[in-house]
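Working notes for the structure below.
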Amino acid sequence: MEVDDNELVRRVLDGDLAAYRTIVERHQGRIFYIGLKFLHSNEDAEDFAQEVFLRAFERLGSYRGSGSFAAWLYRVAFNLAVNRYRGVRPAMIELAEETLPDTAPHAEERLLSLESADHVRKALEGLPDRYAIVVKMHFFDELSYPEIAEALDLPVNTVKSHVFRAKAILRTLLEQFMED
């Protein structure tokens, strides 16, 4: 039976360092991924993840257990990324590989698929940072609005508004790309 994060946190606070190792193993992929999207380098993302887990360990006593531990950890990572790498814009996921079919029946269809993916990627890069991060968290990391709100310390309605506005901006940008 898998122990939940809140129990692991309680164990760590009681001095069980092996429990923290379990937390790291459970969440290291997601934290590494956040670092990779901000820093674009595996080596830098690994350093980032180590720093996030060190900071989280140091601040573990501030986790109250009322919300999702994953969202709390995500907020630690996001705050570190924003504060430390303020000038680095997070890159969006390579949408083409994840959402478009790998095998188009004809070369022309494949070319159109790749061109469409390029338009989507450019549109995502055109989003203001405050919208880009909520789009990434909601659609790519599959976090709920309340989880995003908790992670970014925003009201849920603000998160919903950001997603709504981001979709409107994306729609406009994609229409412009299609006209060209």
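Within the stretch 20-30, can you find the residues that are under 18 Å from Phe78 (Cβ atoms) and touching a Leu at 6+ places or on another chain (Cβ under 7 Å)?
Residues satisfying the conditions are Ile23, His27.
From the list Glu51, Glu46, Glu25, pick out the single residue that is in a helix (DSSP H, G or I), over 22 Å from Asn83 (Cβ atoms), more than 15 Å from the chain's Cα centre (by Cα) and outside the structural domain of Glu147 (by TED's automatic domain parsing).
Of the residues listed, the single one that is in a helix (DSSP H, G or I), over 22 Å from Asn83 (Cβ atoms), more than 15 Å from the chain's Cα centre (by Cα) and outside the structural domain of Glu147 (by TED's automatic domain parsing) is Glu25.
When residues of the stretch 121-148 are filtered for being surrounded by 14 or more Cβ atoms within 10 Å (Cβ to Cβ), part of a helix (DSSP H, G or I) and not basic (Lys, Arg), how many remain?
So the answer is 14.
Of everything in the stretch 6-30, what is in contact with a helix residue (DSSP H, G or I) (Cβ under 7 Å, 6 or more places away or on another chain), farther than 14 Å from Gly61 by Cα and of a type outside the set (Gly, Ala, Ser)? Give them in sequence order.
Scanning the stretch 6-30 gives Thr22, Ile23, Val24, His27, Gln28.
Where residues in the stretch 69-80 are more than 12 Å from the chain's Cα centre (by Cα) and either of a type in the set (Phe, Trp, Tyr) or closer than 17 Å to Leu13 by Cα (or both), which of them is surrounded by the fewest Cβ atoms within 10 Å (Cβ to Cβ)?
Taking the candidates together, the pick is Phe69.
When you go through (1) surrounded by 12 or more Cβ atoms within 10 Å (Cβ to Cβ); (2) of a type outside the set (Val, Ile, Thr); (3) modelled with pLDDT of 80 or more one by one for Ala104, which number turns out not to apply?
Failed condition: (3).
Just to be sure I understand, how many residues within the stretch 32-59 are closer than 17 Å to Val12 by Cβ and crowded, with 18+ Cβ neighbours inside 10 Å?
3
Pairs under 6 Å by beta carbon, first residue not assigned by TED's automatic domain parsing to the domain that holds Leu80 and among the hydrophobic types (A, V, I, L, M, F, W, C) in the stretch 133-152, partner modelled with pLDDT of 80 or more and surrounded by fewer than 21 Cβ atoms within 10 Å (Cβ to Cβ), six or more apart or different chains?
Final answer for the pair search is Val134/Val163; Ala149/Val156; Ala151/Ala71; Ala151/Arg75.
Collect the residues in the stretch 151-162 that are at pLDDT 80 or above and crowded, with 19+ Cβ neighbours inside 10 Å, keeping them in residue-number order.
Val159, His162
When the residues of the stretch 149-159 are narrowed to those that are in a helix (DSSP H, G or I) and within 12 Å of Arg130 (Cα to Cα), which ends up farthest from the chain's Cα centre (by Cα)? So that I can check it myself, show each step before the final result.
Step one: of the stretch 149-159, the residues in a helix (DSSP H, G or I) are 149-152, 156-159.
Retained after the next criterion (residues that are within 12 Å of Arg130 (Cα to Cα)): 152, 158-159.
On the way: Leu152: 11, Thr158: 17, Val159: 14 Å.
Per the stated criteria, the residue is Thr158.
The values are calculated or read from the model by the stated rules, or taken from the named source; none is laboratory data. Just so we're clear, the structure is a prediction, and the values are computed from it rather than from any experiment. All Cβ positions, glycine included, derive from the backbone under ideal geometry; neighbour counts span all protein chains shown.
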